[in-house]
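First comes the structure, then the notes that go with it.
The values are calculated or read from the model by the stated rules, or taken from the named source; none is laboratory data. None of these values were measured; they are calculated from a predicted model. In this analysis, Cβ positions are derived from the backbone assuming ideal geometry, glycine residues included, and neighbour counts consider all displayed protein chains.
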């Protein structure tokens, strides 16, 4: 249970503010996250690591000399938005390029990737390293397609130490990938975690049982076993991690026994007593082990074991000094530690283009519908979260509410400035993506932006414009997300919706007895298709996103992304028909 908070929706940002207040001489709050209080030395590569909140010490606690230069902080268990990643990178980079590091999750890949493209367009050299240490989330031969859990710690520690020792961007990237490919992890859970404000945990493990293969975003395990003793658990973890031979097959290893939020240190020490013996019996030499909380999952009851094989250069950087709020490795960090900051990058508001009176009227109606969408999602939030928790991380409802609220707020702001139909949706889409984070945040942000691109600030929205824009919006979701019908995602509802509209356009059905009325009927028909398709996802086993790691657990429950899409387009049809 998360006991102490003000507003659940502001919990992540409130926590970051408190962290910076606790370490004012080390950290600086910037838009999107935190950076070192001192500016990155000129020409030094910047290591920017991040992900969702709820994992402290990861990732903001690792910002400091010998480790990371900055950390974008997303909402609970949700990727930071591309806007947040871009801002933190801009405040970290100082002529040496940037390494963007994160755990390998779809939302992070999407948002960090978009930020990287924007940075590259400005001439900044950007490299991406997605940690993929969790053996429970994929096959041995597909190591880099797995998700990241506590392996983030040794991989980013090596990269940060290499940079502090003078590595250039190419060498730091090489070492980060070398560390990732030498690292394997396995986790277990005894009970799930509870989001701030939630009445119950995202999942529960039956009494007397243990879940194996958990994820750090509150995802349940992929298997269950009887609750073991500490000695038996140590054997499960060690045997699981050592079952694979990483690319670097060394007998010297860095080891992390990681607590996920509730297991006490004394309990971890008992497990480590046995795990260390088993590792030594396997012929391994343990180098500077770490036993404690490093990558948590709010208050999840569980543990993970990470083993990174070491050669001479990896061992050198694993042992190097570091001085971050949550990771202090002995000795003095040598080398240039940076200079006092003279300026901070802060994103500004885009100017509002001139608009015709007709387009302003359309914009006001769009803003009204966005407010209705927000109200709908607030009502649906608990149910969407329940569905998402079956095989995911339970944050879909919360993320959708955050996105819709941000979109409505942005719409109100630009409406007050006299915007047109195109601008209100472009600004709403940017706000949805920035505030919601996660995969769905990026996709809904892109959908609103693409919809707006079909409109104009000089003319009212016609039925033809609306239908064309809705088709474009779904195409943007398909293009960016990469999902196909049958993957059990939002696309399962969105594609039938798009196809119904495209068919009506191709056959001229939308031209019936007036473009507005016929467009409304077309959207109503398409929305019905979306509802039917969304409900049918209950029969599908997830094959994409976080839920794919849990196989058939999602069967019997519709995909929350498909359901929320169908509810929103149904609301749109109702508002247009009215």
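Scanning the range 294-330 for residues that are within 26 Å of the chain's Cα centre (by Cα), part of a strand (DSSP E or B) and within 22 Å of residue 275 (Cα to Cα) gives 300, 301, 302, 303, 304, 305, 306, 307, 308.
From the list 162, 167, 176, which one is touching a strand residue (DSSP E or B) at 6+ places or on another chain (Cβ under 7 Å) and in the same structural domain as residue 58 (by TED's automatic domain parsing)? Talk me through it step by step, then tell me what you get.
Working: 162 fails: touching a strand residue (DSSP E or B) at 6+ places or on another chain (Cβ under 7 Å); 167 fails: touching a strand residue (DSSP E or B) at 6+ places or on another chain (Cβ under 7 Å).
The conditions single out 176.
Comparison of 368, 348 shows that the only residue that is assigned to a loop (DSSP other than H, G, I, E, B), under 31 Å from the mean Cα position of the chain (by Cα) and not assigned by TED's automatic domain parsing to the domain that holds residue 86 is 348.
Suppose we filter 166, 160, 151 for residues that are over 20 Å from residue 254 (Cβ atoms) and in contact (Cβ under 8 Å) with a residue 12 or more places away in the chain; which single one remains? Before the answer, list the steps.
On the way: 160 fails: over 20 Å from residue 254 (Cβ atoms); 151 fails: over 20 Å from residue 254 (Cβ atoms).
That would be 166, the only listed residue that is over 20 Å from residue 254 (Cβ atoms) and in contact (Cβ under 8 Å) with a residue 12 or more places away in the chain.
Residues are listed down the side, and each one gets a yes or a no for (1) part of a helix (DSSP H, G or I); (2) assigned by TED's automatic domain parsing to the domain that holds residue 367; (3) touching a residue at least 40 places away in the same chain (Cβ under 8 Å); (4) crowded, with 24+ Cβ neighbours inside 10 Å:
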site: 412; (1), (2), (3), (4): yes, yes, yes, no
site: 419; (1), (2), (3), (4): no, yes, yes, yes
site: 450; (1), (2), (3), (4): yes, yes, no, no
site: 456; (1), (2), (3), (4): no, yes, yes, no
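Do we have any residue at all in the range 127-134 that's in a loop (DSSP other than H, G, I, E, B) and either on the phi > 0 side of the Ramachandran plot or modelled with pLDDT of 95 or more (or both)? Yes: one or more hits. When every residue of the range 4-11 is checked against the conditions, none turns out to be surrounded by 14 or more Cβ atoms within 10 Å (Cβ to Cβ) and under 17 Å from residue 68 (Cβ atoms).
In the range 205-230, which residues are surrounded by fewer than 15 Cβ atoms within 10 Å (Cβ to Cβ) and either at pLDDT below 90 or in contact with a helix residue (DSSP H, G or I) (Cβ under 6 Å, 6 or more places away or on another chain) (or both)? Listed by number, the list holds a single entry, 223.
Within the bounds of the range 371-388, is there any residue that is in a loop (DSSP other than H, G, I, E, B) and either at pLDDT 95 or above or farther than 30 Å from residue 219 by Cβ (or both)? Can you show your working first?
Here is the first cut: in the range 371-388, the ones in a loop (DSSP other than H, G, I, E, B) are none.
Scanning the range 371-388, I find no residue that is in a loop (DSSP other than H, G, I, E, B) and either at pLDDT 95 or above or farther than 30 Å from residue 219 by Cβ (or both), so the answer is no.
The single residue among 385, 348 that is surrounded by 20 or more Cβ atoms within 10 Å (Cβ to Cβ) and out of contact with any strand residue (DSSP E or B) (no Cβ under 6 Å at 6 or more places or on another chain) turns out to be 385. Among the candidates 243, 324, 234, the residue that is over 27 Å from residue 74 (Cα atoms), buried (at least 19 other Cβ atoms within 10 Å of the Cβ) and either touching a residue at least 12 places away in the same chain (Cβ under 8 Å) or not assigned by TED's automatic domain parsing to the domain that holds residue 149 (or both) is uniquely 234.
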